[in-house]
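The values are calculated or read from the model by the stated rules, or taken from the named source; none is laboratory data. Bear in mind the structure is a predicted one, so any value in this text is a computation, not a measurement. Here the Cβ is made from the backbone with ideal geometry for all residues, glycine too, and neighbour counts use every protein chain on show. Remember, those area values only see protein heavy atoms, side chains included, never the ligands or the DNA or RNA. Shrake-Rupley method; radii C 1.70, N 1.55, O 1.52, S 1.80 Å.
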Amino acid sequence: MAAMTTVPSYTPSLWVRVCHALPRLDLTMQMRDNIFVPDSWEYQQTLLVLSSLSAIALVISLLVVLSFLIHYCCCHRGDRSEGSEEEEEDEDGSTGHGYGGRKGRGICCVTWVAVAAVTLCCVAIGIGFYGNSEANDGMYQLTSSLLTANYTLASIDLLISDTITGLQLSISGPLTTMEELFTGSKPFLVSTRNCRRLSENVVNLLSSISLARSSADIGLGNDSSSSGAPIAALTPVPPSVAPTLVPTSGIMPSPFSPGWAANTLMVNEDYRWLSYVLLLLLDLIVCLFILLGLAKQARWLLILMTVLAWLALFLSWGSLGLETATVVALSDFCSDPNTFVLNSTHFNSGTSSDVLDYYLTCSRRMNSPFQQLLTQSQRALSNIHTHLSSLDRNALPQFPKAEKSLREVQQILNSTEGNFHQLVALLNCRGLNKDYIDSLKGLCYDGMEGLLYLSLYSFLSALAFTAILCSLPGAWRSFPSDSEEYEDSDSESEDPFTSHQARRQTATGSQRGAMPPFYNYPGASWTPPFSSAPPLPTPNVSSNGNPGYESLPLTDRQSPPPSYSPSMLTGYGGSQSHPNPAHSRNLYSR
């Protein structure tokens, strides 16, 4: 007994129990039960109240963004007049990296807030991709289990239909011919009529255990009843190959068909998965181009991304509302799925709730509700086989014309017994219960986990886009204007090796007045224009006798004076009134 295989079971997860324990309020703010009744208006009100929390959060986000916009547009308008007065102080306090002073610190703060918000958005996008994949895996497991269950139910009805059709053919054909041949022999006639009576009894018994005849006709396209051909052994078809047509009306068929449910869920899941992928890609593109706009200081790009950020903010809060309602409804279903299935699933009129409970629980203490019918059918088939064996031994020597009809009845009986053994195995609860448990695990484990991750993604992305929309106006304000960009382009043409202090000294000198050119100096007192520069350091003599400046630090070196050719010296000397050739030769002799 200990070595027997255990029946798989389902227990609600921790997240299902936590979400199921959340309080429920309707539109009148009254507490409601958390029983999953999707058709009830009171239950739908509780889901509307829960989803409306995201709408309240959206309004709060809009108010926060609006307050920041008012702050940047109104409160900073007076700072523009003070900005020109503080520019010199900010430049004096800067050290060359461009972020000195109060304005530089504000620019740095706004930029890093935007970068942090974009980083949070990227983290949320990663969580969203994982949650979307988990939800898709759960739905795939659910639909696969439903298709397998639909194939099992369709196979049961196909076996029953083929068995009934074969027995009816034997009753209307070979058995009727044998009765006509055995009219003169009462014992043989009685045996033939007993075979007819037992075949009719088996037909009635098998007709009472049909679970979902309409789903079998739709799912596997059974047309053996109209073909009139002899029954053959069933060849199983994989669930992925067996077609299951979806009703064009879109209304759930009666009796319930797992194949219809699987196809409907697959279509809806494809649209859901694609929608989330597009939303995630939209958020990713917005985040990346915001970083690019901040790096390139492109106003037009940030304006475009701001518009898309508003769209992403609305979509994030909206998806959070849908995910919240879905998570709560799914937790209510997964906390007690058997009760909902028993109350909402309708099979044929011959199927009772005990049959459905047998397949949902599959307890060892429960006996199959079809056990008595299968036992009676098995005994009837055994009795038919006994009568046919007696007729084969005793009647054929006297009535050789009955051999053909007797062989046809035996062939139908053999195929019927083979189908009957397959039917007994399929009617066992383990196969359908395993499909039911697998579907619950896919929906309530993977699907629930994926929805929770998607809810977290929507919440984080909404917060990130709220922070982005609050910080982008400050980033626009920090960008230089067109005139400043022109001045920056002029400053870029300066000598890159000139220090910051030298540039300031040059700017100060330009304000005092430009120095006259060196060729306008009087000849008697003429000195080179670079005489004010500090003297060049004495070169160190290397081992090969050449002067070197290896020991001199690069930061202490000054730009060397320009060198002039003899023709240039002659031209410059001729333009002066009293040239001093000796002095020129001594100065430019190198």
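Computed from backbone phi with θ = phi - 60° and the Karplus coefficients 6.51, -1.76 and 1.60, the 3J(HN,Hα) list for the stretch 179-195 is 5, 5, 6, 8, 5, x, 10, 5, x, 5, 5, 5, 5, 5, 5, 5, 4 Hz; x is used for glycine and proline. Binning all Cα-Cα separations of the stretch 114-187 at 5 Å, short to long from zero, yields these whole-percent fractions: 3, 12, 8, 8, 8, 7, 7, 6, 6, 5, 5, 4, 4, 3, 3, 3, 2, 2, 2, 1, 0. Here the Karplus curve 6.51 cos²θ - 1.76 cosθ + 1.60, taken at θ = phi - 60°, turns the phi angles of the stretch 139-151 into couplings of 5, 5, 5, 5, 5, 5, 5, 5, 5, 5, 5, 5, 5 Hz, with x standing for Gly and Pro.
Legend: calculated FRET efficiency, ILE35 to TRP310, from the Cβ-Cβ distance at R0 = 56 Å, rounded to 0.05, equals 0.90. Extending 7 Å from Cα along the Cβ direction at SER353 and again at MET366 yields two label points whose distance is 1.2 nm. Placing a label point 7 Å from the Cα of ASN194 along the Cα-to-Cβ direction, the residues of the stretch 372-411 whose backbone N falls under 15 Å from that point are 379-395.
If one computes P(r) from the Cα atoms of the stretch 399-458, what percent of pairs lie at distances over 14 Å? Kindly include the intermediate steps, with their values, before the conclusion.
Details: 1317 of 1770 pairs.
Of the Cα pairs, 74 percent sit more than 14 Å apart.
Could you pull out the trypsin sites (Lys or Arg not before Pro) across the stretch 310-392 that fall in loop regions by DSSP (anything but H, G, I, E, B) with no more than 11 other Cβ atoms inside 10 Å?
On the way: sites: ARG364, ARG365, ARG379; in loops: ARG364, ARG365.
Qualifying residues, ordered by number: ARG364, ARG365.
Could you tell me what percent of the accessible area of the stretch 282-389 is made up of carbon and sulfur, with a 1.4 Å probe and every protein chain present? It would help to have the intermediate numbers written out before the result.
Details: 3330 of 5400 Å².
Carbon-and-sulfur percentage of accessible area, whole number: 62.
For the pair THR339 and SER67, what calculated FRET efficiency results from E = 1/(1 + (r/R0)^6), where r is the Cβ-Cβ distance and R0 = 45 Å, to the nearest 0.05? It comes out at approximately 0.35. Entry comment: accessible area of the stretch 343-457 is 51 Å² per residue, from protein heavy atoms only and a probe of 1.4 Å. Modelled this way, with points 7 Å down the Cα-to-C-beta line, the labels at THR386 and LEU292 are 8.7 nm from one another.
Roughly speaking, what is the stretch gain from ILE303 to GLU42, that is 0.36 nm per residue apart minus the C-alpha to C-alpha distance, in nm to one decimal?
Numbers: separation 261, 0.36 × 261 = 93.96 nm, distance 4.49 nm.
Once the chain is fully extended between ILE303 and GLU42, it gains 89.5 nm.
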